[in-house]
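Novice: Dropping the structure in here first, questions after.
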Amino acid sequence: MLATETGPIAFPILSALIFIPIIGAVIVALLPKSRPEYPKLVALMASVATAAMSIWLMASFETSEAGFQFVSKHTWIEAWGISWHLGVDGISLFLVVLTGILFPLAILAVDPHHDEKPYLAWLLMLQAGVMGSFLSLDLFVFFVFFEIVLVPMYFLIAGWGYEKRVYAATKFFLYTMFGSAFMLVGLIATVAIASRDIGYTTFDLVVIAEQANFAASTGRWLFFAFAIAFAVKVPIFPLHTWLPDAHTQAPTAGSVVLAGVMLKLGTYGLLRFGVYLFPEASYWSRNLWLTLAVIGIIYGAIAATMQTDLKRLVAYSSVAHLGFIVLGIFAFTTQSMSGSTIQMVNHGVSTGALFLFVGWIYERRKTRQISDLRGLQKVAPIFAAAFMLVMLSSVGVPGLNGFVGEFLILTGSFLTARWWTVVAALGVILAAVYLLWAYQRVFHGEPDEDNKKFPELKIKEGLVLLPFLGLIVFMGIYPKPVLDRVQPSIDALIGRVEDHTDYVQPKPTIELVDHSQEPANPEEEGDG
Amino acid sequence: MADLVWLIPAFPLAGFLTILLFGRRLGDPKAGYLATAAVFASFAVAAAVYFDLLSRPEEDRQTVVTLFSWVPVGTLQVDLAFLADPLSILMCLFITFIAGWIHMFAVGYMHGDAKYSKFFLYMNLFVFAMTILVLGENLLVTFLGWEGVGTCSYLLIAFWHTRESAATAGKKAFVTNRVGDWGVMLAMFLAFSAVGSLSYTVLNEGAETGTLAASTASAIAILLLIGAAGKSAQLPLYLWLPDAMEGPTPVSALIHAATMVTGGVFLLTRINPVIQASYDWVPTTIAWVGGLTALFAATIALAQNDIKKVLAYSTVSQIGYMMLAVGSGAYVAGIFHMVTHAGFKALLFLGAGSVIHGMHEEQDMRRMGALRKFMPITAATFIVGWLAIAGVPPFSGFWSKDEILLYTLADNTPLYIVGIITAVLTAFYMTRQIIMVFFGEARWTSLANAEEAPEVAEGEPPVETHNAHGEFKPHESPPIMWIPLVALAGVAMLGGIVNMPKLFGIPSGAAYKLEEWLHPVVEFGEADISGSWADNNKYILVAIAVACALIGIALAWLVYERRRIKPWEPSLFANAWYYDFAVTWFMGNPGREGFQAVADFDATIVDGAVTGTGVAVKATAGEVRKGQTGYVRQYAALIGVGVVLLLGWFVVIRGIL
């Protein structure tokens, strides 16, 4: 049934997805300084190999299977019940793929201004950390990867960032560590309390989830310990202020990765270690999260509108977009949670691409201030057209990827959280306001002297963009392959919530008095 | 043949993709011809599907073509599917027909523009989206087209993007439309939560069988009305449309007059059973929105001097009539007026484009006059359009407007009076336009040095400086531009035959063709007025309508041609009742300040708490650190003090010793 059982010696693909970037990082770090052309080549090879494997993983993923696939489990520290336990399901699959393809593109898109070797090594370490976080099914291993991620990101921001990079990197690191401290306590408490139910100590997520039976009040405390860490990571209002600084000050590749996959560690964590591990507590506290999510949508959009720095504007738009994802998670319907899962990927693609554009604009003009830019569409029409497509995806125009996720989230949330959804949908108007206004100020109008020589999109940049643009269109028109793989896992998750609470998912339908089909109906029922 | 309905959007899509890839190579004018051919090919398919449906019995005139499953999640199963039925095919027929002629006109009009092929790229994309809108089998596919046309409209209004006003107008159109789209999205959520489907068939059937509660039906209808008010430029969301005139004139003709702006009326007609199943105040609200918009926009049109602005407000007003029809349960009349309006308004806009072209980009009617001598074809066709919109029989607008007023009188007398007043105003402002542009004395002789000419003051006759600095002569447009004018003039003249009443001895076999055709779609929602006073006295209504048109024309003639009456163009009308001004002021001042306050709140309070915590920790740590001096004697002294204190506590408080 599982792919690991198909061959006599199954290839441990999930472990490989983590170790290839690590090996790449080590090689890059060990390369002699006398050969400056090698680091990039090695880094690209490692990341492209990872990308290829993640795509292969997607291709061989069993579509209708709800549980974990390609599971790899090896005892690590027996005394504490810690094991190297990896697995992938419909929720994590596309995040793994996104992590796989985003890194080589980010490496290709922009060259660092100095010290390419450590820069590439840190990027690869980052990829390994993110991969590990998405794949771990052991609380201890997850925590290790979740924390490891901070280190390369800290150095990338502090080492290759912009003018306020040290402040931003420190803020990012301390803020996230503050959240993680709660999670560490919660994690140890969870294992300690669970071991009484299970009979032995284990950090295994699946075992704890299946066998532990937390009292409602205990579960709620533990859930909040985890949730605070994820809420910082997402970030959920009002814990979001590290994000504009970190996004703005990070080098382009860092921003792309930060927006593309790292924020998803938070929303993914809420699904995997919040809802899955503590279904009762997460359902019980849903109104809090729904409210914060809706505040984030409106508040983030308003704050984005008034930004004067283009990169900060995109950063605040992430606060709004992630608000939609949180809304969908805590609405607990198949549509809203599937929408959240697919929107994690969509946001990674669209916002990742937007950060690439902002990076390229900075490389050309050495500024991110909107007021310094003007009339770029006249001098760089292809650049502008590509930006336009990505922008429309971020605005949520149907036919492009952003709409599918937003629509599913809102449609599903409307069933269980009607008035939150009515307000959240206003965010769709605001998204048009801040992005179109920014576009007008940057691309429309007559270019002044400084902007007249703005270079057109380069071939290399165009090649990097192609996968982004392709995904934006494809996922908007034909999201079915993704949705088909996501939905079984989401349904299983909602089933867990229904088992642990009195919640029953509404499934609207209508009994139509259709005279032409009336005789057929009883027969069908008889057959069933 | 109806199975091939997907070819209708496929042709413009193919045109779009071809121009996307090879547009620059095709260039001017080949890209334009290619785009035109793609649209006419669509029209041919639409015609073929029409004849296929026509050959079937009435109850079978419906085919659903499913391309693929678009958004399937759990009980929500949305297909990318098209519905070929009398309504959608009728829409496709007139959309592609008129769009074809407008494309052809644009081949000439856009000649020489630096972004020539890009213009046709957007135009074909628009036709693609518009046909998707009308062909959608469910609300989501319609919404795909709905936002698609909105996006194309944005791109085309801001087509000359180096002009700040054009860029702002494009953004304004998109954002205002999004306000309406908020309503459409909520309507979709509500529809799904009520019937578990977004399909029109399911939703309408739920309404017809009474399974859909009246409260839910009312909410869906009102939310879709919000969407329709955005797309169809009705109160209070109309204000993007006049600004949309910043786009090239063929865009104004196609998108902002003939097709896209009727999307709201189409959508409400599509869900007419839902409106029928709503509370009574829902259709009444729709009718009042339409009626008031019609009157409101007509008053504004009285005092505009820009040739396109007059037509823009006139469009808002005419769509108001269509909304009025929808609210009165006169769906057939609403669609009828949509079709005739598409013909004569496209004609008027293209005529205006031809004038602007011939006048070297002049749009101010105060600098025109007497152009009939220089642009005879444009003038003749424009006059046909004028008679059609003014409601002079037998031109097309007369028949459709009369039908709407008939149903309105049967439904709501105050609104009938609103409609009648609007009819007088329409005849008046259109006559004013005709006179200012094509009759009277030539006021453009000073145009050669127009830049130096003083601004024409409000209400005064313009200063004439006789042709001192060079030659200027308006010219007729080339055939590629006037052939579409002639074709559309034919439509404006004869369009009424699609739905003739049984009056004036018209044989019953030729009458009410459109009503017959649309019957299966609007069967449930269409009001039955037979036996009402209005229905029994149709000749009186016709007489009133004709009288209105003639009074309006005569008055304008006296004011602007004979100059017997001083023109009355109050600044309230010229400034659109200051509504746009008020909204813009509100957005720019309190709105903007409010947004800025939120951004400041984020920077100071929310982030301030974070940095504040950091500062506090650092400060506390700084203080505590001072204790760690490193001097052993100090530590020893402190230990000593502690020991003494502890001893004292044990002895004195606990009394141990």
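The values are calculated or read from the model by the stated rules, or taken from the named source; none is laboratory data. It should be emphasised that the depicted structure is a prediction, and the values quoted were computed from it without experimental measurement. Note: ideal-geometry Cβ built from the backbone for every residue, glycine included; neighbour counts use all protein chains shown. Just the protein is used for accessible areas: all its heavy atoms, side chains included, with ligands, DNA and RNA removed. Shrake-Rupley method; radii C 1.70, N 1.55, O 1.52, S 1.80 Å.
Novice: Do we have B:Tyr109 as open to solvent by 10 Å² or more (accessible area, probe 1.4 Å), touching a Pro at 6+ places or on another chain (Cβ under 9 Å) and modelled with pLDDT under 95 here?
Specialist: Here the answer is yes, as B:Tyr109 does meet what is asked.
Novice: In segment A:72-95, how many are open to solvent by 10 Å² or more (accessible area, probe 1.4 Å), in a helix (DSSP H, G or I) and of a type outside the set (D, E, K, R)?
Specialist: Of the residues in that region, 3 qualify.
Novice: So, one more: Return the total of residues in segment B:608-657 being in a helix (DSSP H, G or I) and in contact with a Phe, Trp or Tyr (Cβ under 6 Å, 6 or more places away or on another chain).
Specialist: 0
Novice: To continue, here is another question. Of the residues that make up segment A:96-109, is at least one of a type outside the set (Gly, Ala, Ser) and not in a helix (DSSP H, G or I)?
Specialist: Within segment A:96-109, not a single residue is of a type outside the set (Gly, Ala, Ser) and not in a helix (DSSP H, G or I).
Novice: Filter segment A:228-237 for residues that are buried (at least 24 other Cβ atoms within 10 Å of the Cβ) and either of a type in the set (A, V, I, L, M) or touching an Asp or Glu at 6+ places or on another chain (Cβ under 9 Å) (or both) and give the result.
Specialist: A:Ala229, A:Ala231, A:Val234, A:Ile236
Results for (1) among the acidic types (Asp, Glu); (2) touching a Cys at 6+ places or on another chain (Cβ under 8 Å); (3) without any contact (Cβ under 8 Å) to a residue 60 or more places away in the chain; (4) more than 30 Å from A:Gln69 (Cβ to Cβ), shown as yes or no for each residue.
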{"site": "A:Phe103", "(1), (2), (3), (4)": "no, no, no, no"}
{"site": "A:Pro118", "(1), (2), (3), (4)": "no, no, no, yes"}
{"site": "A:Ala121", "(1), (2), (3), (4)": "no, no, no, yes"}
{"site": "A:Leu126", "(1), (2), (3), (4)": "no, no, no, no"}
{"site": "A:Met131", "(1), (2), (3), (4)": "no, no, no, no"}
{"site": "A:Phe142", "(1), (2), (3), (4)": "no, no, no, no"}
{"site": "A:Lys164", "(1), (2), (3), (4)": "no, no, no, yes"}
{"site": "A:Ala181", "(1), (2), (3), (4)": "no, no, yes, yes"}
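Novice: Count, please, the residues in segment B:285-308 that happen to be crowded, with 21+ Cβ neighbours inside 10 Å and of a type in the set (D, E, K, R).
Specialist: Of the residues in segment B:285-308, 1 are crowded, with 21+ Cβ neighbours inside 10 Å and of a type in the set (D, E, K, R).
Novice: Going through A:Gly470, A:Gly412, A:Gly495, A:Gly445 one at a time, which residue ends up being open to solvent by less than 50 Å² (accessible area, probe 1.4 Å), at the interface with another protein chain (Cβ under 10 Å from one of its Cβ atoms) and more than 30 Å from B:Ser165 (Cα to Cα)?
Specialist: Answer to the selection: A:Gly412.
Table: residues versus (1) away from every other protein chain (no Cβ under 14 Å); (2) at pLDDT 85 or above; (3) under 60 Å from the mean Cα position of the chain (by Cα).
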{"site": "B:Ala603", "(1), (2), (3)": "no, yes, yes"}
{"site": "B:Thr629", "(1), (2), (3)": "yes, no, no"}
{"site": "B:Ile639", "(1), (2), (3)": "yes, yes, no"}
{"site": "B:Leu646", "(1), (2), (3)": "yes, yes, no"}
{"site": "B:Val651", "(1), (2), (3)": "yes, no, no"}
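Novice: Further question on the same structure: Please tell me if A:His240 is in a helix (DSSP H, G or I), open to solvent by less than 40 Å² (accessible area, probe 1.4 Å), closer than 29 Å to A:Gln307 by Cα and in contact (Cβ under 8 Å) with a residue 40 or more places away in the chain.
Specialist: no
Novice: A further question follows. Only residues that are facing another protein chain (nearest Cβ under 9 Å), farther than 30 Å from A:Thr333 by Cα and open to solvent by less than 10 Å² (accessible area, probe 1.4 Å): list them for segment A:416-442, please.
Specialist: A:Leu436, A:Tyr439
Novice: In segment B:579-621, what residues are surrounded by 13 or more Cβ atoms within 10 Å (Cβ to Cβ) and among the aromatic types (Phe, Trp, Tyr)?
Specialist: B:Tyr579, B:Phe595, B:Phe601
Let's see how each residue does on (1) over 23 Å from A:Leu290 (Cα atoms); (2) touching a residue at least 60 places away in the same chain (Cβ under 8 Å); (3) surrounded by fewer than 24 Cβ atoms within 10 Å (Cβ to Cβ); (4) more than 14 Å from chain B (Cβ to nearest Cβ):
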site	(1), (2), (3), (4)
A:Thr308	yes, yes, yes, no
A:Ser317	no, yes, no, no
A:Ala331	no, yes, no, no
A:Ser336	no, yes, no, no
A:Val349	yes, yes, no, yes
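Novice: Could I ask something else about it? Filter segment B:141-159 down to the residues that are open to solvent by 10 Å² or more (accessible area, probe 1.4 Å) and more than 9 Å from chain A (Cβ to nearest Cβ) and list them by number.
Specialist: Selection gives nothing.
Novice: Going by the conditions given, is A:Phe214 touching a helix residue (DSSP H, G or I) at 6+ places or on another chain (Cβ under 7 Å), farther than 24 Å from A:Val345 by Cα, open to solvent by 10 Å² or more (accessible area, probe 1.4 Å) and in a loop (DSSP other than H, G, I, E, B)?
Specialist: It is true that A:Phe214 is touching a helix residue (DSSP H, G or I) at 6+ places or on another chain (Cβ under 7 Å), farther than 24 Å from A:Val345 by Cα, open to solvent by 10 Å² or more (accessible area, probe 1.4 Å) and in a loop (DSSP other than H, G, I, E, B).
Novice: Looking only at segment B:48-66, which residues are small (Gly, Ala, Ser) and within 14 Å of B:Pro86 (Cβ to Cβ)?
Specialist: Passing the criteria: only B:Ser55.
Novice: Could you please find all residues in segment B:80-102 being open to solvent by 10 Å² or more (accessible area, probe 1.4 Å) and either within 14 Å of chain A (Cβ to nearest Cβ) or of a type in the set (Val, Ile, Thr) (or both)?
Specialist: B:Leu80
Novice: Could you tell me which residue of segment A:448-461 is farthest from the other protein chains (Cβ to nearest Cβ), considering only residues that are within 20 Å of A:Gly359 (Cβ to Cβ) and surrounded by fewer than 18 Cβ atoms within 10 Å (Cβ to Cβ)?
Specialist: Filtering segment A:448-461 for residues that are within 20 Å of A:Gly359 (Cβ to Cβ) and surrounded by fewer than 18 Cβ atoms within 10 Å (Cβ to Cβ), the one farthest from the other protein chains (Cβ to nearest Cβ) comes out as A:Lys460.
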